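Readers should treat all values here as calculations from the given coordinates under stated rules, not as data from a laboratory. This one's a predicted model, so the numbers in the text were calculated from it and none came from an experiment. Note that we place each Cβ from the backbone using ideal geometry, even for glycine, and neighbour counts take in every protein chain shown.
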């Protein structure tokens, strides 16, 4: 019994200390970083809020319920018995890697989940396959209010926000109107943003574009240019711009993982006020747990030494 | 005896961690204010760099408003000198004058259709307008960082050692309403 209490006290002290420090850091970061507007924020560590929007026109679906979303995390848990106690243990997990967009009232910014800490509080869906196996799904859907902290940068080439008609998403033209040149120009604009290229054409998911996948990208660019050419009328004036322009909005910024320090790329569905309050409570409860655990250990060890 | 000693060490440890946290909070607040100020400064400079071009274009079309244009140039020079001193209070007043005279020049330009359709003038007014929007947003952001800094400096327990370590209150960046003098 005493050994059990000793280990509980150790766990409380260590866990409480970690929670206290984490709560302090998160509260300091959130409270100390005012909210920026994407369009006018300077490059650097920012706090932004807005609504979630899709990055690619093809919908993403979670593998458990096949529901449309912009990001998912799925976790399969099995109930294990430890003597009389039963606990749920994770046996499988998966997270989507597709980027999504955060839009505020001034601009749009892409966020890549890789390297990001996307907060998972209560799951969106819990499905029990049977009494000892369950699937939990967390999702970000179109229109969800988002809060994000991270390193904001302006993209070298802005990307069109997908419209409901994919053929209109990107229009790139060159001065001479040659379809092959137009396709090359389009490919060059896609190459400016490796994240877009990998998202669309990395079929084997190895994070690189191999020669076969690059050929797919070339075919897609030619098809897109052909699609615009058949839609154009003979009397339509040739456009001379060589930069990507969208029928709808542009994605002009990217939120990335900050380099160095204890800052992170953090995304949450909760509001800034709720998160700050949560961090404050984590700090307080962590301190209480740490003090209780440490006091028990001090008293126990101290009394043993005094004897 | 050992128990009391242990409790004493625990209390000292907690107080030490809190002091480190409070100090780091003040450092972060101070750096955020400096970074936010640099970000406004950049945009103010860009806006003020556009003004001589605006004056040049307007001069070509508008013969009778030279005094107004000279006042805008003087306001811009005053703002540039204030920026060298890096004092938000005097910069705020100087920039308020620049904004007021810029708006007057743009209002006067409304009466000259040839000027209004000049492509250089159109591009300049668009650019100045975008920069003004950026200044407004960054000013709000800067003032938020100032508020957080001032709260950190004044709150307990940070106020016990803020002054000792050189952490001070900062003035917010305000634009006062300035009525341009009639030429």
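Provide the FRET efficiency to the nearest 0.05 for the residue A:156-residue B:136 pair, computing r from the beta carbons and using R0 = 22 Å. Before the final figure, lay out each step's value.
On the way: r = 26 Å, r/R0 = 1.19.
Step by step, r from the Cβ atoms, then E = 0.25.
Mind checking the mean number of beta-carbon atoms from other chains within 10 Å of the Cβ atoms in B:17-27?
Working: counts 6, 2, 0, 1, 7, 2, 0, 5, 5, 1, 0.
Across B:17-27, the average partner-chain Cβ count within 10 Å equals 3.
Mind giving me the FRET efficiency for residue A:141 and residue A:307? R0 is 51 Å, r the Cβ-Cβ distance, nearest 0.05 is fine.
Numbers: r = 62 Å, r/R0 = 1.21.
Computed FRET efficiency for residue A:141 and residue A:307 comes out at 0.25.
Alpha carbons only, please: Rg and Dmax for the stretch A:39-167, in angstrom.
17.8, 60
Between residue A:43 and residue A:218, what is the label-to-label distance in nm when each label sits 7 Å out along the Cα-to-Cβ direction?
With each label placed 7 Å out from Cα toward Cβ, I get 3.3 nm.
What shape does the stretch A:6-103 have by the C-alpha gyration tensor, where a ≥ b ≥ c are the square roots of the eigenvalues, rounded means a/c under 1.5, and otherwise prolate means a/b greater than b/c and oblate the rest? Walk me through the numbers before you get to the answer.
Values: a/c = 4.54, a/b = 1.24, b/c = 3.66.
Since a/c reaches 1.5 but b/c is at least a/b, the shape of the stretch A:6-103 is classed as oblate.
I need the shape label for the stretch A:253-307. Rule: rounded when a/c is under 1.5, else prolate if a/b > b/c, else oblate, with a, b, c from the alpha carbon gyration tensor. Don't jump to the answer; show the numbers that get you there.
On the way: a/c = 7.06, a/b = 2.51, b/c = 2.81.
In terms of gyration-tensor shape, oblate.
Could you work out the Rg to Rh ratio of the stretch B:1-147, with Rh taken as the Kirkwood radius (inverse of the mean 1/r over all Cα pairs)?
Checking Rg against Rh, the ratio lands at 1.34.
Measure off 7 Å from each Cα along the Cα-to-Cβ vector at residue A:285 and residue A:131, then give the distance between these two points in nanometres to one decimal.
Taking the simple label geometry, residue A:285 and residue A:131 are separated by 3.0 nm.
Select from B:143, B:48, B:24 the residue whose mean-square fluctuation is largest in a Gaussian network model of chain B (Cα-Cα springs shorter than 10 Å).
B:24
If you find the alpha carbon centre of the stretch A:5-67 and of the stretch A:282-307, how far apart are they in angstrom?
After rounding, the separation between the Cα centres reads 30 Å.
By how many degrees, 0 to 90 and rounded to 10, does the Cα axis of helix B:88-109 deviate from the longest principal axis of chain B?
30 degrees
Using Cβ contacts closer than 10 Å as the measure, can you line up B:59, A:304, B:25 from fewest to most? Mind showing how you got there, number by number?
Values: B:59 12, A:304 9, B:25 22.
With the fewest neighbours first, B:59, A:304, B:25 line up as A:304, B:59, B:25.
For n ≥ 4 DSSP H runs only, could you compute -39500 (n - 2.57) per run for chain B, divide by its residues and tell me the 222 nm figure to the nearest 500? Display every interim value, and only then the final one.
Working: 5 runs with 142 residues, N = 183.
Rounded to the nearest 500, the figure is -28000 deg cm²/dmol.
Counting other C-beta atoms within 10 Å, which of A:130, A:253 has the fewest, and how do the rest follow?
Working: A:130 7, A:253 24.
In increasing order of surrounding Cβ atoms, one gets A:130, A:253.
What does the extension gain come out to for residue B:127 and residue B:90, with contour length at 0.36 nm per residue minus their alpha carbon separation? Provide the component values of the computation, followed by the final result.
Values: separation 37, 0.36 × 37 = 13.32 nm, distance 2.50 nm.
Stretched out fully, the residue B:127 to residue B:90 stretch lengthens by 10.8 nm.
At 7 Å along the Cα-to-beta-carbon direction for both residue A:18 and residue A:257, put a label point, then send me their distance in nm to one decimal.
Simple spin-label model gives 1.9 nm for this pair.
Beta carbons within 10 angstrom, averaged per residue: use that to sort the peptides A:273-280, B:161-168, highest first.
Numbers: A:273-280: 16.0, B:161-168: 12.8.
By packing density, highest mean first, the sequence is A:273-280, B:161-168.
Ranked highest first by average number of other Cβ atoms within 10 Å, how do A:22-30, A:140-148, B:105-113 line up?
Details: A:22-30: 19.7, A:140-148: 18.0, B:105-113: 14.4.
Result, highest mean Cβ count within 10 Å first: A:22-30, A:140-148, B:105-113.
Inside 10 Å of the C-beta atoms of A:25-38, what's the mean count of C-beta atoms belonging to other chains? Write out the running numbers ahead of the final one.
On the way: counts 2, 0, 2, 7, 1, 0, 6, 12, 6, 11, 3, 7, 7, 1.
Averaged over the peptide's residues, the number is 5.
What is the fewest-to-most order of A:71, A:82, A:138, A:214 by other Cβ atoms lying within 10 Å of their Cβ?
Values: A:71 24, A:82 8, A:138 21, A:214 15.
Listed from fewest to most nearby Cβ atoms, that is A:82, A:214, A:138, A:71.
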